[in-house]
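Peer 1: One structure follows; several queries about it will come next.
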Amino acid sequence: MGEAIYPVPSDWAQTALIDEARYAAMHARSVADPEGFWADEGRRIDWIKPFTKVKNTSYHKADFGIRWFEDGTLNLCANALDRHLATRGDQVAILWEPDSPNDPERRITYRQLHEDVCRFANVLKDQGVKRGDRVTIYLPMVPEAAVAMLACARIGAIHSIVFAGFSPEALAGRITDCDSRIVLTSDEGLRGGKKVPLKANVDAALAHAPGVDCVIVLRRTGADVAMTPHRDIDWHTAVAAASPDCPAEEMNAEDPLFILYTSGSTGKPKGVLHTTGGYAVWASMTHEYVFDYRPGQIYWCAADIGWVTGHSYVVYGPLMNGATTVMFEGVPNHPDPSRFWQVVDKFAVEIFYGAPTALRALMREGDDWVHKTSRKSLRLLGSVGEPINPEAWEWYHKVVGDNRCPIVDTWWQTETGGVMISPLPGATALKPGSATRPMFGVQPLLLDNDGAVIEGAGDGCLVIADSWPGQMRGVWGDEERFFSTYFTTFAGYYFTGDGCRRDEDGYYWITGRIDDVINVSGHRMGTAEIESALVAHAKVAEAAVVGMPHEIKGQGIYAYVTCNAEIEPDDALRKELIAWVRHEIGPIATPDVIQFAPGLPKTRSGKIMRRILRKIAENDVSSLGDTSTLADPSVVDHLLANRPHLA
Ligand code: 6R9
């Protein structure tokens with residue numbers, strides 16, 4: 001069966017930074033001679049003290065360690081801002097589009113952004129923030145969020161951004177895990193015309209996070225919010241009083257840059273730690289090659305800064321590369337489903353990078369919303385966050401890109417710092433649904449369940465054979481967990497948690513998570529996290545959560561719930577539990593289906609048979625497999641007979 005292939009358009013092959021021959025030569029060198037390759041790529045960054053050592057990495061228990069450019073010193077903020085002042089100080093660095101199209105946009109030049117960052121860095125210093133201190137950022141998509149990140153990088157503080165859609169409970173957990181004593185927030189956020197009570201959420205979180213003694217509050221909507229004396233500070237007032245002069249700290253390449261919490265297969269989210277030098281090289285290099293980026297082009301990554309994509313491809317990568325980066329506060333369908341493409345036209349965006357879930361939602365609204373707009377400025381489209389189904393890919397290509405724009409389907413993870421598998425627009429023929437081929441320095445391998453390497457075409461667990469500069473360096477506060485999570489499933493390899501197929505052309509097709517992580521609208525959710533939220537409810541005895549296919553979100557959340565003996569479950573309880581999970585974690589964790597069950601299918605040793613629960617949730621009940629090993633096979637009959645009606 002032949003699948004569609006889209007060859008590299010000839011203009012791209014001729015003008016792109018990397019064509020097919022160059023891709024092949026560079027990838028071969030990056031694997032055969034990593035020292036030489038990365039010594040060269042490492043020079044894309046301005047170092048204060050140049051590195052003399054390039055790579056010092058091992059995935060083995062005895063000498064485990066990941067160090068890149070380890071004797072070099074640099075400042076990432078200076079690489080994103082100061083280095084551009086002489087050549088592009090008056091170029092717009094951040095082009096901000098507010099939630100409402102009726103409100104004015106903001107255009108912040110590199111010079112202005114530099115000044116804003118220096119002032120805010122001094123505000124942080126005035127509050128006693130020092131190198132290595134953790135700063136929690138709980139802000140909406142406003143330029144000040146980027147200012148805050150860059151100010152931390154400037155003074156060597158470690159930022160930990162918590163997505164502004166997370167609940168007070170989730171925020172409190174992330175604040176205490178990294179012992180952050182300062183939180184940056186705004187009065188409210190604004191998304192799709194709805195107000196989000198961010199400051200009130202912080203106040204609620206701090207009841208469980210007593211270590212915080214400073215909250216800096218940005219005015220976004222102007223709402224009247226409670227300010228706690230001696231703790232809460234007004235952002236604008238503090239900035240106005242601060243000096244615009246702040247030297248950039250000299251950081252070691254391996255000094256921490258940021259922590260970002262992400263879900264794994266165990267209950268508690270882990271603080272993924274990235275350091276400075278390798279991350280800088282990786283974010284800058286991948287942004288340049290994957291998007292064929294030339295300084296000054298108008299580039300828009302529609303991700304939120306609360307996710308890793310926002311870190312690497314809204315802020316750090318683009319700014320290091322002298323980009324005009326668009327930052328969008330709103331949502332794709334507000335005030336109507338044309339919004340993305342209206343913003344593309346308004347700013348003459350050349351490169352657009354978005355998530356399949358948004359595309360699927362817009363696709364459902366019909367082509368007219370797209371056709372209403374011109375989109376003639378677009379040259380290149382990108383996709384990230386989850387597998388893009390071929391149907392959505394074709395729609396993106398034909399309807400959004402008018403058959404003119406290559407699509408880079410970029411596979412990567414919070415842990416990888418930047419893109420790992422992706423087409424390069426001037427080098428790679430495209431196959432809808434495939435992330436195609438590895439980035440420089442990336443050696444993907446497929447292993448079978450016994451850990452044997454699969455050669456040629458085949459299906460298996462995706463692992464990465466050697467280190468790359470953007471790799472995470474640790475789990476905050478839990479050194480052992482880093483090694484055990486990623487390097488013990490298959491000794492000697494980085495384990496991605498994803499399943500993958502490789503075809504005859506050596507193209508990679510990510511098939512989705514093979515661990516207990518589900519991907520809801522491109523957001524990672526640990527099933528264990530949702531389960532522990534459910535069992536924290538007084539009426540719930542036990543819960544098991546699995547993914548189910550969902551037309552828009554990719555995967556939906558299907559929860560099986562066993563109630564305490566005296567409880568008679570009904571629709572009211574179902575609603576109560578849904579509200580409870582939203583309250584405990586946030587709206588992104590809202591269960592799509594709750595099925596009440598008197599018992600869950602368990603082995604005789606008490607292990608929940610998730611395979612069966614997944615099959616039922618997927619409505620694939622003809623192949624439940626062997627249920628004879630269950631302690632009580634009749635539970636399955638009950639589950640099948642009482643499935644809630646699925647729309
Ligand atoms: C960047 C980001 C990582 C997980 C990853 C995989 C899925 C991301 C993908 C993709 C297929 C793509 N994923 N991009 N699957 N094709 N292009 O999303 O990081 O939030 O950590 O999620 O997302 O399952 O393992 P993160």
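The values are calculated or read from the model by the stated rules, or taken from the named source; none is laboratory data. Since this is a predicted model, take the numbers as computed values, not measurements. When we count neighbours, we look across all protein chains shown, and the Cβ atoms used for this are built from the backbone with ideal geometry, even at glycine. The accessibility values were calculated without ligands, DNA or RNA, using every heavy atom of the protein model including side chains. Shrake-Rupley method; radii C 1.70, N 1.55, O 1.52, S 1.80 Å.
Peer 1: Looking only at segment 519-542, count every residue that is part of a helix (DSSP H, G or I), free of Cβ contacts under 8 Å to residues at least 60 places away in the same chain and open to solvent by 30 Å² or more (accessible area, probe 1.4 Å) and tell me the total.
Peer 2: Residues in segment 519-542 being part of a helix (DSSP H, G or I), free of Cβ contacts under 8 Å to residues at least 60 places away in the same chain and open to solvent by 30 Å² or more (accessible area, probe 1.4 Å): 1 in total.
Peer 1: Let me ask something additional. Is it the case that some residue within segment 442-461 is crowded, with 20+ Cβ neighbours inside 10 Å, of a type in the set (Asp, Glu) and within 16 Å of the ligand (Cβ to nearest atom)?
Peer 2: Looking for residues that are crowded, with 20+ Cβ neighbours inside 10 Å, of a type in the set (Asp, Glu) and within 16 Å of the ligand (Cβ to nearest atom), one finds none in segment 442-461, hence no.
Peer 1: Report yes if Val349 is open to solvent by less than 10 Å² (accessible area, probe 1.4 Å), assigned to a loop (DSSP other than H, G, I, E, B) and farther than 18 Å from Leu257 by Cβ, otherwise no. Spell out the reasoning first.
Peer 2: Details: open to solvent by less than 10 Å² (accessible area, probe 1.4 Å): yes; assigned to a loop (DSSP other than H, G, I, E, B): yes; farther than 18 Å from Leu257 by Cβ: yes.
Here the answer is yes, as Val349 does meet what is asked.
Peer 1: Right, Asp505: among the acidic types (Asp, Glu) and near the ligand (Cβ under 9 Å from one of its atoms) or not? It would help to see each step written out before you state the result.
Peer 2: Working: among the acidic types (Asp, Glu): yes; near the ligand (Cβ under 9 Å from one of its atoms): no.
Spelling it out, it is not the case that Asp505 is among the acidic types (Asp, Glu) and near the ligand (Cβ under 9 Å from one of its atoms).
Peer 1: Output the qualifying pairs, or none if there are none: Cβ atoms under 6 angstrom, residues six or more apart or on different chains, first residue in segment 423-439 and closer than 20 Å to Thr511 by Cα, second residue in a loop (DSSP other than H, G, I, E, B) and at pLDDT below 95.
Peer 2: Every condition considered, the pairs that remain are Lys431/Glu3; Pro432/Ala4.
Peer 1: From the set of residues in segment 275-289 that are more than 17 Å from the chain's Cα centre (by Cα), part of a helix (DSSP H, G or I) and not acidic (Asp, Glu), which is farthest from Gly156 (Cα to Cα)?
Peer 2: Applying the first criterion (more than 17 Å from the chain's Cα centre (by Cα)) to segment 275-289 yields 276-278, 281, 285, 288-289.
Going one step further and asking which of them are part of a helix (DSSP H, G or I), we end up with 277-278, 281, 285, 288-289.
From the residues that got through so far, the ones that are not acidic (Asp, Glu) too are 277-278, 281, 285, 289.
Working: Gly277: 13, Gly278: 16, Val281: 18, Met285: 22, Tyr289: 28 Å.
Here the answer is Tyr289.
Peer 1: Among the residues of segment 476-487, are any of a type outside the set (Val, Ile, Thr), assigned to a loop (DSSP other than H, G, I, E, B) and over 23 Å from the mean Cα position of the chain (by Cα)? Don't jump to the end; show me each part of the working.
Peer 2: Going through segment 476-487, the residues of a type outside the set (Val, Ile, Thr) turn out to be 476-484, 486-487.
Next, only the ones that are assigned to a loop (DSSP other than H, G, I, E, B) stay: 476-478, 487.
Cutting the leftovers down to over 23 Å from the mean Cα position of the chain (by Cα) gives us none.
Within segment 476-487 (the criterion being of a type outside the set (Val, Ile, Thr), assigned to a loop (DSSP other than H, G, I, E, B) and over 23 Å from the mean Cα position of the chain (by Cα)), the answer is no, since none of the residues qualifies.
Peer 1: Can you say whether Asp592 is open to solvent by 30 Å² or more (accessible area, probe 1.4 Å) and free of Cβ contacts under 8 Å to residues at least 40 places away in the same chain, as far as the supplied structure shows? Step through it out loud before you land on a result.
Peer 2: Numbers: open to solvent by 30 Å² or more (accessible area, probe 1.4 Å): yes; free of Cβ contacts under 8 Å to residues at least 40 places away in the same chain: no.
In short, no.
Peer 1: Right, another one. For segment 363-395, give me the residue count where each residue is more than 27 Å from the chain's Cα centre (by Cα) and either closer than 19 Å to Tyr6 by Cβ or within 16 Å of the ligand (Cβ to nearest atom) (or both). Show your work before the answer.
Peer 2: Taking segment 363-395 as the starting set, the residues that turn out to be more than 27 Å from the chain's Cα centre (by Cα) are 366-369, 371-374, 376.
Within this subset, residues satisfying the condition of being either closer than 19 Å to Tyr6 by Cβ or within 16 Å of the ligand (Cβ to nearest atom) (or both) are none.
Number of matching residues: 0.
Peer 1: Cβ-Cβ below 6 Å, separation at least six or inter-chain, first residue in segment 175-197 and at negative phi, second among the polar types (S, T, N, Q) and assigned to a strand (DSSP E or B): which pairs?
Peer 2: As it stands, the answer is Ile175/Thr136; Cys178/Ser160; Ser180/Thr136; Val183/Thr136, since those pairs meet every condition given.
Peer 1: Give just the number: which of (1) open to solvent by 10 Å² or more (accessible area, probe 1.4 Å); (2) within 13 Å of the ligand (Cβ to nearest atom) does Pro423 not satisfy?
Peer 2: Every listed condition holds for Pro423 apart from (1).
Peer 1: Test Glu169 against the criterion of being in contact with a helix residue (DSSP H, G or I) (Cβ under 6 Å, 6 or more places away or on another chain) and either more than 21 Å from Ala240 (Cα to Cα) or open to solvent by 10 Å² or more (accessible area, probe 1.4 Å) (or both), and give yes or no.
Peer 2: Numbers: in contact with a helix residue (DSSP H, G or I) (Cβ under 6 Å, 6 or more places away or on another chain): yes; either more than 21 Å from Ala240 (Cα to Cα) or open to solvent by 10 Å² or more (accessible area, probe 1.4 Å) (or both): yes.
Against the criterion (in contact with a helix residue (DSSP H, G or I) (Cβ under 6 Å, 6 or more places away or on another chain) and either more than 21 Å from Ala240 (Cα to Cα) or open to solvent by 10 Å² or more (accessible area, probe 1.4 Å) (or both)), Glu169 qualifies.
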